[in-house]
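The values are calculated or read from the model by the stated rules, or taken from the named source; none is laboratory data. None of these values were measured; they are calculated from a predicted model. Positions of Cβ are backbone-derived with ideal geometry, glycine not excepted, and every protein chain shown enters the neighbour counts. What goes into the accessible areas is simple: the full protein's heavy atoms, side chains included, and nothing from ligands, DNA or RNA. Shrake-Rupley method; radii C 1.70, N 1.55, O 1.52, S 1.80 Å.
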Amino acid sequence: MPRSTLSSPGLQASYVWAAAEDLLARPGVLAVFGFGRAAQLPEDRRALRVGLEPLGTQPAPFEVWRGQGPVATGEDGALRWSSDGEHLFFALELDEAAHAGIAATTASAYRHLTRFVGASPTPHLLRLWNYLDAINAGEGDAERYRQFCEGRARGIADARWSSFPAATAIGRQDGVRTLQVYGLATRRPGRALENPRQVSSWRYPRQYGPTAPVFARGMLDAHGQLLISGTAAVVGHASRHPDDLDAQMAETLANLDALVAAAGLPFGTPAHSYLKAYLRDPADAPRVAATLTPRLCAAEHLLLLAGDICRSDLLVEVDGVRQPA
């Protein structure tokens, strides 16, 4: 059974080729993620099908999060969760039609998750993933990503965060108007990081919409893991190299290198990283994989997914985890 595991004294993350039922039966498993329509997942609060199709190796592996102790699970309305007392996995899936559009749907999701996480024994929100259909559809301020940002800002208006969490927002390509938001919170706070090559997201100028995005470029958890937000070919606040995949990949790598350096910790070799790469055009998968491996991660630590980037002039985005040596 091929397996790629990155472990630390805290959360363990792995890409595993196995039956989801077998993975969920293992001790300490907080979450199992299957990607795309073909993923076989049982009914379990810890099992989540992500609405992005995998590229490359078929079948795709499952992503597994494993904690350090017995796991409890539960539900809070539309939110489902699991926790080992140190880490909290939570997920929300909301139908846009039931909430009058993406802005209202996002506001509802974020109000719910901030309330729930803030009242839990693991109140420190480290990392969020957001997947929504047709992220670039709409003109000007009516673009769905800009509407998502507006809803997120409304949803966190009452949150008492000391810093913004790391985050990713990617467009589904399956036509399903269901907003998926899932994340990781912990008992101990992390340390938010910014990238010296980039303007902080919440300081973006008006040209990117009436409401700036709000996320940290990365987050160091209490065990020294660097949780990397979605990273693309953005320098300052501007997209670079439209329609040039190789140049965008080079700029993305420079941003990833700068973020790791900003963390100020001795990070390990590519074997200590796992990454997701989101590609607007699935045909770009071989070139993206060749660029990222073996420089940043081992081949078995890379998951390629079809997804639209939040800016229509960007072709690829990368997120993941980098662990200390």
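All of 27, 59 fail the test of being more than 22 Å from residue 275 (Cα to Cα) and either more than 17 Å from the chain's Cα centre (by Cα) or part of a strand (DSSP E or B) (or both), apart from 27. Can you confirm whether the range 38-58 contains a residue that is in contact with a helix residue (DSSP H, G or I) (Cβ under 9 Å, 6 or more places away or on another chain) and under 17 Å from residue 168 (Cα atoms)? Yes - at least one qualifying residue is present in the range 38-58.
Determine if the range 236-254 includes at least one residue that is closer than 29 Å to residue 78 by Cβ, touching a residue at least 40 places away in the same chain (Cβ under 8 Å), open to solvent by 30 Å² or more (accessible area, probe 1.4 Å) and of a type in the set (A, V, I, L, M, F, W, C). No, every residue in the range 236-254 fails to be closer than 29 Å to residue 78 by Cβ, touching a residue at least 40 places away in the same chain (Cβ under 8 Å), open to solvent by 30 Å² or more (accessible area, probe 1.4 Å) and of a type in the set (A, V, I, L, M, F, W, C). Within the bounds of the range 295-318, is there any residue that is buried (at least 18 other Cβ atoms within 10 Å of the Cβ), basic (Lys, Arg) and not in a helix (DSSP H, G or I)? Checked the range 295-318: at least one residue is buried (at least 18 other Cβ atoms within 10 Å of the Cβ), basic (Lys, Arg) and not in a helix (DSSP H, G or I). Each residue in the range 33-55 was checked for being open to solvent by 60 Å² or more (accessible area, probe 1.4 Å) and either aromatic (Phe, Trp, Tyr) or more than 17 Å from the chain's Cα centre (by Cα) (or both), and 5 pass. Residue pairs whose Cβ atoms lie under 7 Å apart, sitting 6 or more positions apart in sequence or on different chains, and linking a residue in the range 58-86 that is closer than 10 Å to residue 30 by Cβ and basic (Lys, Arg) to a partner that is in a strand (DSSP E or B) and at pLDDT 95 or above, are 66/29; 66/30.
Considering only residues in the range 216-252 that are closer than 27 Å to residue 107 by Cα, in a loop (DSSP other than H, G, I, E, B) and not small (Gly, Ala, Ser), the one that is modelled with the lowest pLDDT turns out to be 221. Per the conditions (1) under 30 Å from residue 288 (Cβ atoms); (2) of a type in the set (D, E, K, R); (3) in a loop (DSSP other than H, G, I, E, B), the sole criterion not satisfied by residue 45 is (1). Contact map, the range 170-194: first residue farther than 20 Å from residue 317 by Cα, second residue of a type in the set (Ser, Thr, Tyr) and crowded, with 18+ Cβ neighbours inside 10 Å, Cβ cut-off under 6 Å, separation 6 or more or different chains; pairs are 185/122; 186/122; 187/122.
Test residue 192 against the criterion of being outside any loop (DSSP other than H, G, I, E, B) and more than 28 Å from residue 54 (Cβ to Cβ), and give yes or no. The answer is yes for residue 192. Residue 94 passes every criterion in (1) without any contact (Cβ under 8 Å) to a residue 60 or more places away in the chain; (2) of a type outside the set (Gly, Ala, Ser); (3) within 29 Å of residue 149 (Cα to Cα) apart from (1).
So, in the range 23-32, of the ones that are touching a residue at least 40 places away in the same chain (Cβ under 8 Å) and open to solvent by less than 10 Å² (accessible area, probe 1.4 Å), which residue ends up nearest to residue 307 (Cα to Cα)?
31
Consider the range 270-283 and keep the residues that are among the charged types (D, E, K, R) and in contact with a strand residue (DSSP E or B) (Cβ under 7 Å, 6 or more places away or on another chain). The one that is most open to solvent (accessible area, probe 1.4 Å) is 280. Among all positions in the range 202-215, there is no residue which is touching a helix residue (DSSP H, G or I) at 6+ places or on another chain (Cβ under 7 Å), outside any loop (DSSP other than H, G, I, E, B) and crowded, with 16+ Cβ neighbours inside 10 Å.
When 159, 134, 167 are checked against the criterion of being small (Gly, Ala, Ser), open to solvent by less than 40 Å² (accessible area, probe 1.4 Å) and touching a Leu at 6+ places or on another chain (Cβ under 6 Å), a single residue qualifies: 167.
Residues in the range 137-176 that are among the polar types (S, T, N, Q), farther than 19 Å from residue 206 by Cβ and at pLDDT 95 or above: 2 in all.
Checked against the criterion of being open to solvent by less than 10 Å² (accessible area, probe 1.4 Å), in contact (Cβ under 8 Å) with a residue 40 or more places away in the chain and over 30 Å from residue 324 (Cα atoms), the candidates 20, 107 yield just one match: 107.
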